[in-house]
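Colleague: Before anything else, here's the structure in question.
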Amino acid sequence: MIAKTLEKELNLEQWQVNKVIKLIDEGNTIPFIARYRKDVTGSLNDELLRKFDERLKYLRNLEDKKTKIIERIDNLGKLDDTLKNQILNAETLVELDDLYRPYKSKKRTRATMAKQKGLEPLASLILAQEVEEPVSKIAENYVTDEVKTPKEAIEGAQDIIAEIISDNSTFRKKIRQNTFYNGVIETKAKNKDESASEYEIYFNYSEKLSKIPPHRILAINRAENEGIIKGKVDIEEDDIIQYLKRHTLKNCSKVPEMIEYNHHTTPIITEAIEDSYKRLISPAIEREIRSYLTKKAEEKSIEVFAKNLSQLLMESPLSGKTILGWDPAFRTGCKLAVIDSTGKVLETSLIYPTEPQNKVKESEKVVLDLIKKYDVDVIAIGNGTASRESEEIVANIIKNTSVEYIIVNEAGASVYSASKLADEEFPDFNEGERSAVSIARRLQDPLAELVKIDPKSIGVGQYQHDMNQKQLNESLGGVVERVVNEVGVDLNTASSSLLNYVSGITKSTAKNIISYREENGKFDNRKELLNVKKLGKKTFEQCAGFVKIDNPQHPLDNTTIHPESYDAAVKLLDKLGYTLADIGSNNLKLDNLDYEELSDQLDIGVITLQDIVKELKKPGRDPREDMPKPVLRKNVLSIEDLEEGMIMQGTVRNIVDFGAFVDIGVHQDGLVHISQISDNFIKHPSDVLKVGDTVKVKVLGVDPVKKKISLTMKTTENPHGIGGANQKTDRERKSGRKFAERKKSEAESKEDMLALLYKKFGR
C-alpha cells in the first residue's frame, strides 16, 4: 500500500518507487542517490527524493499505528471486518484517530462518570428510539444512591449519547469539511495599545478559512500568543445540528412517505445532539482546523524559507579579493578585520568614527593605512546598527581610491561570534573581531561562512521562531546539505562545519577528518579518507564524490566523478585516444558521442556516462559561477535622495508571500509587492525571483518617516494599473478609477502592515 501511495502522489513508476525504497533502506543518503544513482532511479532529483523520504517515513508511521490500533481494538473484543477495513484504508493520521476515538481509554469525562453510575443501558434504550412510555418513568429504575432522581439519570444518559455522537468518525469528517469550506475565522482586539499597532488589521477581521493566506494565519497566531487579539472560528450551527438530527433520529412511521419521530425520546436526543456539537465537537473541530491551517502555513513558510536559503547559499563568491570586514556600532566602536583571498585573517582593528566619540579623522587614517598595507579591494559593511553612518564614512574614505564597498547582511554574525565554534576558530579574538571576520568571509564565500550559523538566524524567512522547530530544522538542514554537496568541498581547506554537511559525514567524522589533516598534512587523494578514524567503506562511498582535492595525485580526485566510476572514465578516455592529462583541456573533444554504444562497451549507465563526460569537459566547476555577482558601489544614497520614478539596480534580499524586499543601496530595503513584480499574473514571488538576483526597479513611492519604499518591476507605462481601456466611457473610466484607487489604498494599507511585520519579525 505504501508503494502504491507514493507512486500515485509523486507521479512515479512502480519500479522507481521500489528502487528508491531499497536505496534508502540500504542507508544511502539523498545527495548520493540524486547524483550517483540516476540510472537506478530514472534521474530523480534531490527535491523530489527528499519529499519521497519524508512521505515514506509518514506512511510507515501510519501503517505502524494501524497495526497497533487493530491489535488494541481486537483485544477489547470490538473488532469486526468493516472496522478493520476502514482502519486499513485510512489515508491520514487524522482519519485514523477518528476511527480509534470510540475505543480510546478516556480520561474522566461526563460520559465515563455516567457509565460508572450504570446509566449506559438507559442511554442505549433512548438511542434505540423504540420506547412506548415516558422515559422519565423508565429512568425511575436507574435511581440509586449516586443517581438521586430520574432527571439525573436522563441527564447522565444524555452525556453518554453526546459522547457517542461526538465519537462518530463519519460525523466528525463531514462537520470538519463543512466548517473548513464554509466557516470563517474572526479576530477581535483584546489590547489596542500603540505597541500593538502592527496588528491593527486584525483588531476587527474576518476571512473564510478556506481562503486565508498562510502568512495571515501565522500573524494571527503570533498576535494571539502576545495577548493582542482573540480569534475564533465561526460557522452556521443550525445546518450542522440539522445534519446530526437527520442521521441520528430514527423514523418510526409505518408509512414510508411520512417522517415521524418517537415523541418520548426525540426531545432528549435533540438536547444531546446540541450539547454534543457545542460542547464536544465544535471546540475540537476548531482546534483541529486551526492546527491544520497552522501546519499548512508553516509548511508554506518553511518552503519559502528553504528556497530563499538555497538561493542565498548559492550566491556567487567574491574570490581572489582582499576584503576588509566592517562591523558597525556606536558606543562600542566599529570592529575591522582584513582577510586575504584565502580567508586568512591578516589584521584586526577598532575605530570610533560614530557617535558618541566621533573620531572620524583618526578612523579614516586607520582604514586608509589598512587599505594601503594589504591592498584591500573591497570593504564589506554589516547592515546592523550604525551601518548607515558607517557607509557614509566609508564612501568618503574610498573617494580617491580604487576600493569599492558593499552592504552585507550580517544576520547571524553575532550568533556565530558568541558560539563555541567561533571560540575554537578564533580563541584570541573578541566577539566584535569575530563578527567582522564573519562579515568579510560571507562576502568572499557565502556558503563556507553561512554553514557555521544556525540557518534560522540567517535572516531570509518569516515567523521562524513560531513554527515547528523540528520540521524547520530538518528542512533547512536538508537545504544546506543539498547546496554543500552540489557545490562540493575542498578536502584540504574545508572547515568542520562545512564537512559536516557532506553526504554521509557526521559531526564526529568531520572532526576526525580535521584531526587527521592536522596530524598528517594535506590529503593527496580521496582514498586516504579510509585512513580517517571511524570512516568506513559505506561512509566513503557516500562522501567520496562530493569532496575534491586541489592538485591531487589522481586527476579525477578534483572532479565530481565518483571513485566507483574511475575505471569507466579511464577506459572512455583511452578508447577515444586521450589520457588523464587531457582532462579539462581544449584538446579533449567529447561531442557527438554514441552514449548507448559506449554504455554497453564500458558497462556503465547512460546517464552516469553523460555526467562523466560533462565533468571531464569542465572538471571541478563551481556551479555558483553562473549566479549574479555581488553589486559593489563607491557612492552612497539615502532614502531622502529617492524620488518617484527613479530607475535603480538592486539585489533581492528576502522573498515572502506578499512580495520581495530589494536592497537598492539606501540601507532600507524597498518592497516590490507581488502585484508589482511582473506584467503577468504570478502565484508567488518565488516563481520569478530568487534571493541574490540583481534586478532593475522603479521607485513608486517613498515615505522617509515610516522608512517605507515602494518599488515596481513592471515594464508597463502604468504600473498601478489605474484606469481603463480607450474604448471605455468616461463614466466607466471614472468608476474604474475610483475602484482601482480604493483597491490601491487597501493594498497599500495591507502593504504597510506587512512591511511593519517584516521589519519587526522578518529577521
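The values are calculated or read from the model by the stated rules, or taken from the named source; none is laboratory data. Treat the numbers as computed from the prediction; the structure is a model and nothing was measured. Positions of Cβ are generated from backbone atoms using ideal geometry, with glycine treated the same way; all protein chains shown enter the neighbour counts.
Colleague: So, in the range 467-493, of the ones that are buried (at least 18 other Cβ atoms within 10 Å of the Cβ) and not hydrophobic (A, V, I, L, M, F, W, C), which residue ends up farthest from residue 550 (Cα to Cα)? Even if it seems obvious, please write down each step before you answer.
Modeller: Narrowing the range 467-493 to residues buried (at least 18 other Cβ atoms within 10 Å of the Cβ): 467, 472, 475-476, 478-489, 491.
Next, only the ones that are not hydrophobic (A, V, I, L, M, F, W, C) stay: 475, 478, 481-482, 485-486, 488.
Details: 475: 31, 478: 27, 481: 22, 482: 22, 485: 17, 486: 17, 488: 12 Å.
My answer is 475.
Colleague: Is it true that residue 64 is over 28 Å from residue 609 (Cβ atoms), assigned to a helix (DSSP H, G or I) and within 30 Å of the chain's Cα centre (by Cα)?
Modeller: Details: over 28 Å from residue 609 (Cβ atoms): yes; assigned to a helix (DSSP H, G or I): yes; within 30 Å of the chain's Cα centre (by Cα): yes.
It is true that residue 64 is over 28 Å from residue 609 (Cβ atoms), assigned to a helix (DSSP H, G or I) and within 30 Å of the chain's Cα centre (by Cα).
Colleague: Residue by residue through the range 563-584, note down the ones that are surrounded by fewer than 21 Cβ atoms within 10 Å (Cβ to Cβ), within 25 Å of residue 483 (Cα to Cα) and of a type outside the set (Asp, Glu).
Modeller: 563, 566, 584
Colleague: So which residues in the range 332-357 are under 37 Å from the mean Cα position of the chain (by Cα) and part of a loop (DSSP other than H, G, I, E, B)?
Modeller: 332, 333, 340, 341, 342, 343, 344
Colleague: Within the range 291-331, track down each residue that is among the aliphatic types (A, V, I, L, M) and under 23 Å from residue 351 (Cα atoms).
Modeller: 323, 324, 329
Colleague: Would you call residue 145 assigned by TED's automatic domain parsing to the domain that holds residue 63, farther than 21 Å from residue 278 by Cβ and either surrounded by 19 or more Cβ atoms within 10 Å (Cβ to Cβ) or not aliphatic (A, V, I, L, M) (or both)?
Modeller: No.
Colleague: Pick out the one residue from 176, 101 that is over 17 Å from residue 249 (Cα atoms), at pLDDT below 95 and within 35 Å of the chain's Cα centre (by Cα).
Modeller: Testing whether each residue is over 17 Å from residue 249 (Cα atoms), at pLDDT below 95 and within 35 Å of the chain's Cα centre (by Cα) leaves just 101.
Colleague: Might you check whether a residue that is over 30 Å from residue 137 (Cβ atoms), touching a strand residue (DSSP E or B) at 6+ places or on another chain (Cβ under 9 Å), crowded, with 20+ Cβ neighbours inside 10 Å and of a type in the set (A, V, I, L, M, F, W, C) occurs anywhere in the range 204-214?
Modeller: yes
Colleague: Mind listing whichever residues of the range 638-653 are closer than 23 Å to residue 390 by Cα and touching a strand residue (DSSP E or B) at 6+ places or on another chain (Cβ under 9 Å)?
Modeller: Residues satisfying the conditions are 639, 640, 642, 648, 649, 650, 651, 652, 653.
Colleague: From the list 631, 662, 666, 613, which residue is aliphatic (A, V, I, L, M) and under 30 Å from residue 299 (Cα atoms)?
Modeller: Checking each option against the conditions leaves just 662.
Colleague: Another one. Restricting attention to the range 361-372, does a residue exist that is surrounded by fewer than 16 Cβ atoms within 10 Å (Cβ to Cβ) and under 30 Å from residue 222 (Cα atoms)?
Modeller: The answer is no; no qualifying residue exists.
Colleague: Restricting attention to the range 227-237, does a residue exist that is of a type outside the set (Gly, Ala, Ser), over 11 Å from residue 199 (Cα atoms) and crowded, with 16+ Cβ neighbours inside 10 Å? Write out each step before concluding.
Modeller: First, pick out the residues of the range 227-237 that are of a type outside the set (Gly, Ala, Ser): 228-230, 232-237.
From what is left, the residues that are over 11 Å from residue 199 (Cα atoms) are 230, 232-237.
Next, from what is left, pick out any that are crowded, with 16+ Cβ neighbours inside 10 Å: 233, 235.
Yes, the conditions are met somewhere in the range 227-237.
The rows are residues; the columns are (1) hydroxyl-bearing (Ser, Thr, Tyr); (2) modelled with pLDDT of 95 or more; (3) assigned to a loop (DSSP other than H, G, I, E, B); (4) touching a Lys or Arg at 6+ places or on another chain (Cβ under 9 Å).
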{"position": "205", "(1), (2), (3), (4)": "yes, no, no, yes"}
{"position": "211", "(1), (2), (3), (4)": "no, no, yes, no"}
{"position": "222", "(1), (2), (3), (4)": "no, no, no, no"}
{"position": "230", "(1), (2), (3), (4)": "no, no, no, yes"}
{"position": "254", "(1), (2), (3), (4)": "no, no, yes, no"}
{"position": "259", "(1), (2), (3), (4)": "no, no, yes, no"}
{"position": "285", "(1), (2), (3), (4)": "no, yes, no, yes"}
